[in-house]
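*Asks:* My questions all concern the structure below.
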Amino acid sequence: MQDRHDQRQTLLKNLARGLLYSTPLMVASVGLSQAANATTSAYEQAAGEAEHAKGEAEHHAKGEAEHAKGEAEHHAKGEAEHAKGEAEHHAKGEAEHHAKGEAEHAKGEAEGEAEHAKGEAEGEAEGEAEHAKGEAEGEGEAEGEAEGNPKDVKRSWLSKKYKGDRTHLAARGKELYDDASLSTNGLSCNSCHADLEGYNDTFKNPYSHYVAMGKDLYRQKKVTAESMVQICMQQPMEAKPLAWDSEELAALTTYVEVLQKEYAAK
């Protein structure tokens, strides 16, 4: 029994000794466990705060990026609109300037053409007036002469011609050339053609030739000397044509032919 009691006491001592050794270890183990738990909790808290901070930073950065993007797009859009406006304004100004220049050029050309046309028209009018004046100043023609009958100045092939001595007829014609009694207005042939005056340049050509008064008033392209006498009798002298077989017509015709040769020799 004593042995069992001694064994029990030894066991109890050993147990007590083990408790003494193990208690600090247990305390340490508990401390370590708590510290580990605290560290884990702190780590988890720090990780959570880090995640939160990260989320905040990402959100903030994303917001900043979106804002910066919006600002950039707005600025770029504004710049583009401004550039477009300036381009349109510049193009419009260029177009208006070009159109104005074209209009001024066209206006200048139109005015130039108008002036040219005016000058040509005036020149033509003056030329026609001069031409009309020249024709009106035909051999023996006076202003206010009316168109006559071509039959009165052109010999019919059925009519007979007075025949006489040419020298005598020329002398008689010279007398009649200054005879105002042949007219109804006091004119004679010499009233318009004294000293070979009052003839057009066509009088230099031998008969028959063109005479403006013969063409304009009697539609004759060319007239003979006796036709010219008949024209002068009816127009400037306002008398009836001479008889085609009369000595007066033959005499005046002969004398006019003599004057034509003298005029051409001047």
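Throughout, read-outs are computed from the coordinates displayed, never taken from laboratory work. The structure displayed is predicted, hence computed values, not measured ones. A quick note on method: Cβ atoms are made from the backbone with ideal geometry, for glycine too, and the neighbour counts reach across all protein chains shown.
*Asks:* Please compute the modelled spin-label separation between Leu158 and Lys261, points set 7 Å along Cα→Cβ, answer in nm with one decimal.
*Replies:* Rounded to a tenth, the inter-label distance reads 3.5 nm.
*Asks:* Right, next: So what's the Cα pair-distance distribution over region 150-264, bin width 10 Å, in %?
*Replies:* Percent of pairs per bin, in order: 14, 50, 35, 1.
*Asks:* Non-local amide H neighbours of His209 (under 5 Å, H modeled in plane, Pro and chain starts lacking H): which ones?
*Replies:* Here Val223 satisfy the definition.
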